[in-house]
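Student: Structure in structure tokens, see below.
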Amino acid sequence: MLQKTAMSLVFLFSSSLSFAQDVYWSSQTTKSYKNDYCHFSATVPQILIAQNGNVVKNSAATILNQMWANDLATMFQEYTSIITDNNYPEACTDYMSSVTRNYSFELKTQLNAPLASVLSQVSTYDGGAHGMFLMSAQVLNPLTAEIYKLPNLLNDNPKTVARLKELALERLKYNEYFDQTFGWDDWSAGITSLAQITQFYVTEYSLVLFFNQYEVGSYAEGPYIVEIEKTYLMSEGLVKSGSLLESFWSAR
């Protein structure tokens, strides 16, 4: 039943240099969402900022914490609106429906280069043959609440776009079930600028692109995750000069 949303956040913290402000994972906050016929409660990711071991008020933490709470509320509204639009409010009780959102949070800090990637994974089932699994991600600076798009991190030009497509396709083909004609060709043809590539996150060693079910593969294949190593991007001059990503990767 559409009654409970479970969210867990895995926090990885690494800092080799002393930072004026540190970001910590705080205990989760429980939020409840309901309307006339559906209800669920969920734990919402929360972070806090500390300086010299003491928690300090920080507008960035407030903004990010509220953003995640709003995100969950929006997800509930969208999910339940699908039920009402189809004139079947009983779905909340008739089906073993569920919505589960899992957050993983990876934070790496280097002097002048705090970087966090937040990956959200949403699983839903409201009857039928199978449910759905959707991924989304944010790359952000937890000390300023700035959210980065690819043009903030890589050089936004045709060369970069073409090279990303080439590297991604090479890695997709490692999967023996991948069929380039299923969705990749259409996706690739529609991408002409970095701003159009929104499904990505950053790790210590790579840029990760991901494709949800049905985007470049069948439901049974699940989402495709493509890891492009930083060595390719940095050595080929694709990383934007002076960007947070350049500072972060150069320090590793």
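The values are calculated or read from the model by the stated rules, or taken from the named source; none is laboratory data. Because the structure is predicted, anything quoted here is derived from the model rather than measured. Note that we place each Cβ from the backbone using ideal geometry, even for glycine, and neighbour counts take in every protein chain shown.
Student: If Asn87 satisfies every condition in (1) at pLDDT below 70; (2) surrounded by fewer than 12 Cβ atoms within 10 Å (Cβ to Cβ); (3) under 22 Å from the mean Cα position of the chain (by Cα) but one, which is the exception?
Tutor: (3)
Student: All but one of (1) at pLDDT 80 or above; (2) assigned to a helix (DSSP H, G or I) hold for Thr93; state the number of the condition that does not hold.
Tutor: Unmet for Thr93, out of (1) at pLDDT 80 or above; (2) assigned to a helix (DSSP H, G or I): (1).
Student: If you check every pair at least six apart or on different chains, which have Cβ atoms under 6 Å apart with a residue in the range 120-131 that is modelled with pLDDT under 70 first and a residue that is of a type in the set (S, T, N, Q) and surrounded by fewer than 18 Cβ atoms within 10 Å (Cβ to Cβ) second?
Tutor: Going by the 6 Å Cβ cut-off, the qualifying pairs are Tyr125/Ser98.
Student: Could you grab the pairs with beta carbons closer than 8 Å, sequence gap of 6+ or different chains, first residue in the range 188-206 and over 14 Å from Trp249 (Cβ atoms), second one among the hydroxyl-bearing types (Ser, Thr, Tyr) and at pLDDT 95 or above?
Tutor: Leu194/Thr160
Student: Shifting gears a bit: Filter the range 203-252 for residues that are farther than 23 Å from Ala162 by Cβ and among the basic types (Lys, Arg) and give the result.
Tutor: Arg252
Student: Filter the range 214-233 for residues that are buried (at least 19 other Cβ atoms within 10 Å of the Cβ) and either on the phi > 0 side of the Ramachandran plot or not in a helix (DSSP H, G or I) (or both) and give the result. Don't jump to the end; show me each part of the working.
Tutor: Keep residues of the range 214-233 that are buried (at least 19 other Cβ atoms within 10 Å of the Cβ), which gives 216-217, 224, 226, 228, 230, 233.
Answer for the range 214-233, where residues must be buried (at least 19 other Cβ atoms within 10 Å of the Cβ) and either on the phi > 0 side of the Ramachandran plot or not in a helix (DSSP H, G or I) (or both): Val216, Gly217, Tyr224, Val226, Ile228.
Student: Can you find, within the range 53-84, the residue that is modelled with the highest pLDDT among those that are β-branched (Val, Ile, Thr) and surrounded by 19 or more Cβ atoms within 10 Å (Cβ to Cβ)?
Tutor: Of the range 53-84, the ones β-branched (Val, Ile, Thr) are 55-56, 62-63, 74, 80, 82-84.
If we keep only those that are surrounded by 19 or more Cβ atoms within 10 Å (Cβ to Cβ) too, we end up with 80, 83.
Details: Thr80: 72, Ile83: 67.
Across the range 53-84, the extreme among qualifying residues is Thr80.
Student: Among the residues in the range 199-206, are any buried (at least 16 other Cβ atoms within 10 Å of the Cβ), in a helix (DSSP H, G or I) and of a type in the set (Ser, Thr, Tyr)?
Tutor: no
Student: Can you pull out every residue in the range 169-184 that is surrounded by fewer than 16 Cβ atoms within 10 Å (Cβ to Cβ) and more than 13 Å from Tyr214 (Cα to Cα)?
Tutor: Scanning the range 169-184 gives Glu170, Lys173, Tyr174, Asn175, Glu176, Tyr177.
Student: Does the range 144-154 hold any residues that are surrounded by fewer than 19 Cβ atoms within 10 Å (Cβ to Cβ) and not in a strand (DSSP E or B), and which are they?
Tutor: Listed by number, the residues that qualify are Thr144, Ala145, Lys149, Pro151, Asn152.
Student: Shifting gears a bit: Give me the pairs, please: first residue somewhere in the range 225-252 and polar (S, T, N, Q), second residue anywhere and surrounded by 13 or more Cβ atoms within 10 Å (Cβ to Cβ) and modelled with pLDDT of 95 or more, beta-carbon distance under 6 Å, and either six or more positions apart or on two chains.
Tutor: Ser243/Leu153
Student: Right, another one. For the range 159-177, does any single residue satisfy the condition of being under 22 Å from Ala251 (Cα atoms), modelled with pLDDT of 95 or more and either touching a helix residue (DSSP H, G or I) at 6+ places or on another chain (Cβ under 7 Å) or among the polar types (S, T, N, Q) (or both)?
Tutor: no
Student: Which pairs do you get when a residue that is without any contact (Cβ under 8 Å) to a residue 24 or more places away in the chain, found in the range 136-154, comes within reach of a residue that is in a strand (DSSP E or B), reach meaning Cβ atoms under 6 angstrom, with the pair 6+ apart or on two chains?
Tutor: Partner pairs satisfying both residue conditions: Ile147/Gln138; Ile147/Leu140.
Student: Would you call Gly237 more than 20 Å from the chain's Cα centre (by Cα), on the phi > 0 side of the Ramachandran plot and not hydrophobic (A, V, I, L, M, F, W, C)? Walk me through it before giving the result.
Tutor: Details: more than 20 Å from the chain's Cα centre (by Cα): yes; on the phi > 0 side of the Ramachandran plot: yes; not hydrophobic (A, V, I, L, M, F, W, C): yes.
So Gly237 passes the test.
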